[in-house]
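The values are calculated or read from the model by the stated rules, or taken from the named source; none is laboratory data. Quick caveat, the model's predicted, so the values are computed rather than measured. FYI the Cβ positions are ideal-geometry reconstructions off the backbone, even for glycines, and counts take in every protein chain you see. The protein model used for the area step is the full one, side chains on, heavy atoms only, and it has no ligands, DNA or RNA in it. Shrake-Rupley method; radii C 1.70, N 1.55, O 1.52, S 1.80 Å.
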Amino acid sequence: MTMDRLYYVFIRVVALLLAVLFLVPIVWMLLLSFTPEGQNIFGGALHFTLDNYKKVLSLAPIFGWMGNSIIVSAVTTVLVLLFSSMAAYAFSRIRFPGSKLLFLLFLSGMMIPAEATLIPLYLLMRDFGLLGTRTSLVLPAVAGPMGIFILKQFFDGLPKDLEEAARMDGAGFFKIWYSIFLPLSRPALAALGIFTFIGAWNDFVWPLISISDKAYMTITLGLPMFQSSYVQQYALPMTANALAAIPVLIVFLIFQKQIIKGIAFTGGKEM
């Protein structure tokens, strides 16, 4: 067996072991969610039941929390893609006084820990009367510098001939951005959109500070509150976690290729 073949087999074995390692907690969670409370899933015959799901749905507004998370994550993703792409196009193609300095100021925001902005964000949302609303969950994530940086790097690599030809046909900045740059930057937009959605879905600290009404709680905020009421039980918290994991698993299964491309996406270019 050649060295290349041995390396190929080694990589496959390691990938298989890692896959099993990551799947074990998910399988364990699903098994607990379908078994009665107190039953040992590793000993004796298993008795599967849907009672845990019925009980969880009757005790907690899981679907309401999931709906809030979906709305917040979807709106955040759309606004991030919209504003980040417009700002990236301006920094990449429009020359104006102080553009480089302004871009550096945007990049400097990447060095500021998110925890350092919690108090200013809280005071800002309070002064605008937005605390306790879904708007307060969306707005802080819209102007993230990471999206602008990624898309600008991608826009810088696009050929200028297409833009010059469009200008000769009388196209303005907005039409060039909409009809040329957006279609050509689908890989970058897909990667940014997926990671923005997942980041908004998993956000916990800011919703914990800004939301107090249970009607507007997201799933990441509602689950700990539900689990704290059943600290001596395992089946019900695992059932709630299984329900909360369904949308994320669906997103991963549908967009797994784009997620892998996004991970390999560096410098605004597709690897």
Worksheet item: How many percent of the accessible area of the chain is carbon or sulfur, using a 1.4 Å probe?
Response: 71
Worksheet item: Got a sec to turn the phi values of the range 206-212 into Karplus ³J(HN,Hα) couplings, 6.51 cos²θ - 1.76 cosθ + 1.60 with θ = phi - 60°, whole Hz, x for Gly and Pro?
Response: 5, x, 4, 7, 8, 10, 10
Worksheet item: Using a 1.4 Å probe, what is the accessible area per residue for the chain, in Å²?
Response: 61
Discussion item. Compute the angle between helix 219-228 and the longest alpha-carbon principal axis of the chain, please, reported from 0 to 90 degrees and rounded to the nearest 10.
Written reply: 20
Practice prompt. Please report how many Lys pairs in the chain have alpha carbons closer than 22 angstrom, counting only residues at least 8 apart along the chain or sitting on separate chains.
Written response: 13
Fill in: Zero-based 10 Å bins, Cα pair distances in the range 143-263, whole percents
11, 28, 25, 19, 11, 5, 1, 0
Fill in: Förster radius 41 Å - calculated FRET efficiency between Met110 and Ala165, Cβ distance, rounded to 0.05
0.75
Discussion item. Taking 8 Å as the Cα distance limit and 6 or more residues as the minimum spacing, I'd like the relative contact order of the chain as a percentage.
Written reply: 32
Practice prompt. For volume of the Cα convex hull per residue in Å³, several values are listed as (i) 195; (ii) 156; (iii) 118; flag the one computed from this structure.
Written response: (i)
Fill in: Listed residue (Met3, Val251, Trp206) projecting farthest to the positive dipole end of the chain, Cβ model
Met3
Worksheet item: When the helix-only estimate is applied to the chain (DSSP H runs of n ≥ 4, each -39,500 (n - 2.57), divided by the residue count), what is the mean residue ellipticity at 222 nm, nearest 500 deg cm²/dmol?
Response: -22000 deg cm²/dmol
Discussion item. Placing unit charges on C-beta atoms (Lys and Arg positive, Asp and Glu negative, everything else neutral), compute the dipole magnitude of the chain about its Cα centre in debye, rounded to 20.
Written reply: 360
